[in-house]
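The values are calculated or read from the model by the stated rules, or taken from the named source; none is laboratory data. Predicted, not measured: the structure shown is a model, and the values here were computed from it. Cβ placement follows ideal geometry from the backbone for every residue including glycine, while neighbour counts extend to all protein chains displayed.
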Amino acid sequence: MKKESKNIKKNKIVDQFEFDEFQKWKIEKEKERIKTHVPTIYGYARVSTEEQHLEPQIKQLKNSGAKKIYQEKWTGTTTKRPIFEKLISLLLSGDTLMVTKLDRFARNTQEALTTVEDLNKRGIKINILNMGYFDDSPNGKLMFTMFSAFAQFEHDLIVSRTQEGKAYAKKYDPHYKDGRPKKFTEEQVELAWELRKQGNTYKMINRKTGISIKTLQRRFNELKLKDSE
């Protein structure tokens, strides 16, 4: 038992030593990166849904001089943007962060101003192509606050109009259903369900009907619930 306890203690010391060595290695690598750094223009492209395309933004960023481009598909309502956060952490003094529009850079006024302040303190330029460069000067802050506020106002207005439209449709349209319309009819799904009951695999049904496996699984679960009621 004592021997086992000694081994555990020894392993902890070794683990701590390896961790400390790794931390030293990281610090040295970062110093080397800063020392040999060449100021670079980084582009960032983002869309909010899987259906949207990144290519137009990427092309615009390249044409405007971006040398390295980071991209991601992420909803505008989530608080997480891992690719953007990674890019921000990589930027060094003298670099430029380029985006096509303000809403690609931040989701609201406060976030935009906080990010701008942080990047300016680190000596990083921000170029929003449909506005221009933003810096830490009083004029730069004023202009950026104004444009950010307008972008937030526009977003809130769209949300408000969408909600009003849904409320009106729910009240006056008896056939209105919230959410996206279903791509496949009930008859198509029921046919697929019959194929499943006959022993066909999801892949076989997908080839025969064109309905994705995820959709088949979801719709079949709905049918099972109906049958059990």
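Brief remarks on what is shown
- Residue check, D156 surrounded by 12 or more Cβ atoms within 10 Å (Cβ to Cβ), among the charged types (D, E, K, R) and modelled with pLDDT of 75 or more: no
- Residue in region 53-76 that is touching an Asp or Glu at 6+ places or on another chain (Cβ under 8 Å), at negative phi and in the same structural domain as I128 (by TED's automatic domain parsing) present: yes
- The listed residue being at pLDDT 90 or above and under 23 Å from D135 (Cβ atoms), out of I88, I58, I83: I88
- Residue match in region 199-209 (condition: assigned to a loop (DSSP other than H, G, I, E, B), modelled with pLDDT under 80 and surrounded by 13 or more Cβ atoms within 10 Å (Cβ to Cβ)): no
- The test for being assigned by TED's automatic domain parsing to the domain that holds Y70, over 17 Å from I41 (Cβ atoms), modelled with pLDDT of 85 or more and not aromatic (F, W, Y) does not hold for D95.
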